[in-house]
Amino acid sequence: MISPARSWREAPQRYRLEAAKCTGCGRVCYPPRVVCPSCRGRDFEHVVLPREGNVVTHTVVRVPPQGFVEQSPLTIALVQLKDGTRLMVQMADVADPETVHAGMPVRLEFRRINSDGEAGVIYYGHKAVPA
Amino acid sequence: MTVGIIGYGAFVPRRRIRLEEIAAVWGADADSYRRGLQLHEKSVPGKDEDTITMSVEAARRAFVRSGGVDPAEVGAVYVGSESHPYAVKPSGTIVGEALGINPEVHIADLEFACKAGTEGMYLAQSLVKAGEVKYALGIGADTSQGAPGDALEYSAAAGAAAFLFGADEERILAEVVATYSWTTDTPDFWRRAYMHYPRHGSRFTGEPAYFRHITNSARGIMEKAGLEPEDFAFAVFHQPNGKFPIRVGKRLGFTMEQLETGWLSPWLGNTYSGASPMGLTAILDVARPGDLILLTSFGSGAGSDSFVFRVTERLPKVQELAPLTRVQLDNDKIHVSYGEYAKLRGKIRMAE
Ligand SMILES: [Zn+2]
């Protein structure tokens with residue numbers, strides 16, 4: 001379970017898909033990083049990721065961790081967005097995980113990710129849904 | 001100054017449950033419900049969908065249709081709902097953050113049973129008209145619940161509609177011609193603090209509540225604007241089921257042709273604060289320049305807000321830029337069983 005403080009700190013990337021684009025080599029890092037993994041550069045500009053992309057690969061989790069049991073089976077996908085950025089996301093609105101395949105068009109939608117029980121904070125972010 | 005809708009969007013969850021599925025569990029006669037309420041199925045929110053997530057998606061669509069309004073220029077955000085995820089912490093704070101509107105903005109969550117959405121629209125357009133803010137966002141969204149086995153369980157559904165208001169003449173899609181509200185103290189439906197499900201005062205539902213308030217509000221705005229039913233291309237009323245909006249519309253003098261475009265409830269259910277606003281989005285999806293539209297909401301307790309809109313030349317240019325409401329309603333549906341529905345709606349007691 002992530003803390004309310006971390007959720008708050010990560011709001012720009014979780015809520016608005018803000019990424020860091022290296023001004024040296026142009027690599028887009030999501031989540032944002034302090035040092036560019038390609039050129040070791042430290043200067044970044046903010047970019048907002050596109051919300052359309054395609055599934056690269058995926059896996060189905062049938063024994064999910066606590067807090068995700070009611071969403072079982074969980075489909076987790078590596079998605080390549082239109083700008084080339086890749087990210088690992090949970091898929092939503094998948095009636096049958098068997099229908100998920102490489103190349104499948106998806107869209108990122110704002111969803112509830114998890115919540116700290118009935119009384120705790122609710123965590124929001126993005127999931128990939130069939131486009 | 002002319003104020004109007006400069007962007008609009010709707011969000012319909014993909015899951016549905018058929019009326020038969022609910023009736024079978026409670027030993028009820030599905031046919032009599034279908035005839036009596038004119039309901040076939042209703043939308044069901046996923047475990048990861050709530051008033052906040054649906055509001056964000058509907059509002060993003062409103063921005064897409066706005067011709068590039070900068071979210072930071074939106075000075076007010078009102079989210080109307082009776083199913084805000086938090087009892088204390090406004091939904092609007094999260095919606096504003098996700099949309100990039102915060103922090104220079106006035107935000108409030110509104111509640112008034114099923115008319116909280118039009119309340120937000122009313123406040124949003126009023127602040128723009130007063131010159132207090134450049135743009136304002138009014139949202140109606142709900143993931144409402146009826147008690148298991150109660151008549152409301154057949155209709156309580158989920159969905160959202162968002163409207164961006166502004167006064168930039170070149171951006172206006174539908175001008176606000178008039179507004180009018182009609183409110184009384186009527187105990188037709190309520191929910192006390194800490195209660196999961198609402199109660200309804202049976203003898204007060206129907207005539208003294210829904211019909212009386214909508215009729216007076218709709219007649220009031222037509223008189224104020226000097227308009228007759230035949231002047232309108234479309235009319236949309238609050239839709240707690242399939243039957244009521246058509247009955248009240250016909251009683252007011254509207255024809256089926258004027259009513260059917262915004263009539264979503266037979267296949268959507270009652271989306272409470274989202275109901276008549278979502279009907280308006282379905283109308284805006286197809287309306288032509290010059291068309292007049294009447295919208296009258298209803299919220300138990302009780303009150304009705306009315307709006308008259310006039311469509312501009314710009315609307316047809318933006319209709320296709322975001323998902324149409326009817327397309328969302330008719331496609332990509334995932335039908336769920338009552339068991340799955342009970343799980344999704346938190347009606348099953350889980351281990352601690
Ligand atoms: Zn770099």
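The values are calculated or read from the model by the stated rules, or taken from the named source; none is laboratory data. No experiment lies behind these values; they were computed from the predicted model shown. Glycine gets a Cβ as well: all are built from the backbone with ideal geometry, and neighbour counts include every protein chain shown. Surface accessibility is based on the protein's heavy atoms, side chains included, excluding ligands, DNA and RNA. Shrake-Rupley method; radii C 1.70, N 1.55, O 1.52, S 1.80 Å.
Residues of region B:138-152 being of a type in the set (Asp, Glu) and surrounded by fewer than 24 Cβ atoms within 10 Å (Cβ to Cβ), which ones? First the steps, then the outcome.
So in region B:138-152, the residues of a type in the set (Asp, Glu) come out as B:142, B:150.
B:150, the sole residue that qualifies.
Restricting the search to strands (runs of 3 or more DSSP E) fully inside region B:227-316 and requiring at least 3 residues that are among the aliphatic types (A, V, I, L, M) and either more than 24 Å from residue B:165 (Cα to Cα) or open to solvent by less than 30 Å² (accessible area, probe 1.4 Å) (or both) gives B:292-296.
Considering only region A:59-87, state which residues are open to solvent by 70 Å² or more (accessible area, probe 1.4 Å), farther than 17 Å from residue A:107 by Cβ and not in a strand (DSSP E or B).
First, the residues of region A:59-87 that are open to solvent by 70 Å² or more (accessible area, probe 1.4 Å): A:59, A:62-63, A:65-66, A:69, A:82-83, A:86.
Now restrict to residues that are farther than 17 Å from residue A:107 by Cβ: A:59, A:62-63, A:65-66, A:69.
Passing the criteria: A:62, A:63, A:65, A:66, A:69.
For region A:97-113, the set of residues classified as within 11 Å of chain B (Cβ to nearest Cβ) and of a type in the set (A, V, I, L, M, F, W, C) consists of A:108, A:110, A:113, listed by residue number. Considering the conditions (1) surrounded by 12 or more Cβ atoms within 10 Å (Cβ to Cβ); (2) assigned to a strand (DSSP E or B); (3) within 16 Å of the ligand (Cβ to nearest atom), residue A:36 is excluded by exactly one of them, (2).
Need a quick list: helices (runs of 4 or more DSSP H) entirely within region B:1-84 having at least 3 residues that are open to solvent by less than 10 Å² (accessible area, probe 1.4 Å). Even if it seems obvious, please write down each step before you answer.
Details: elements: B:19-26, B:30-37, B:51-64.
Here the list reads B:19-26, B:51-64.
Of the residues making up region B:330-341, those that are out of contact with any helix residue (DSSP H, G or I) (no Cβ under 6 Å at 6 or more places or on another chain), in contact (Cβ under 8 Å) with a residue 40 or more places away in the chain and not in a loop (DSSP other than H, G, I, E, B) are B:330, B:334, B:335, B:341. Limited to region A:39-58, what total is found for residues that are more than 14 Å from chain B (Cβ to nearest Cβ), within 23 Å of residue A:102 (Cβ to Cβ) and either within 9 Å of the ligand (Cβ to nearest atom) or surrounded by 16 or more Cβ atoms within 10 Å (Cβ to Cβ) (or both)? The total comes to 4.
Of the residues examined, residue A:116 is one that is more than 10 Å from every other protein chain (Cβ to nearest Cβ), within 21 Å of residue B:51 (Cα to Cα) and either surrounded by fewer than 17 Cβ atoms within 10 Å (Cβ to Cβ) or among the small types (Gly, Ala, Ser) (or both).
Residue count for region A:9-27 satisfying the condition of being within 13 Å of the ligand (Cβ to nearest atom) and open to solvent by 40 Å² or more (accessible area, probe 1.4 Å): 5.
Only strands (runs of 3 or more DSSP E) wholly contained in region B:102-199 count here; list those with 2 or more residues that are without any contact (Cβ under 8 Å) to a residue 40 or more places away in the chain.
Details: elements: B:106-110, B:135-143, B:158-166, B:174-183.
Those strands (runs of 3 or more DSSP E) span B:106-110.
Of all residues in region B:85-115, which are among the hydrophobic types (A, V, I, L, M, F, W, C) and either away from chain A (no Cβ under 14 Å) or open to solvent by 30 Å² or more (accessible area, probe 1.4 Å) (or both)?
Initially, region B:85-115 is screened for residues among the hydrophobic types (A, V, I, L, M, F, W, C), giving B:87-88, B:94-95, B:98-99, B:101, B:105, B:107-108, B:110, B:112-114.
Listed by number, the residues that qualify are B:87, B:88, B:105, B:107, B:108, B:110, B:112, B:113, B:114.
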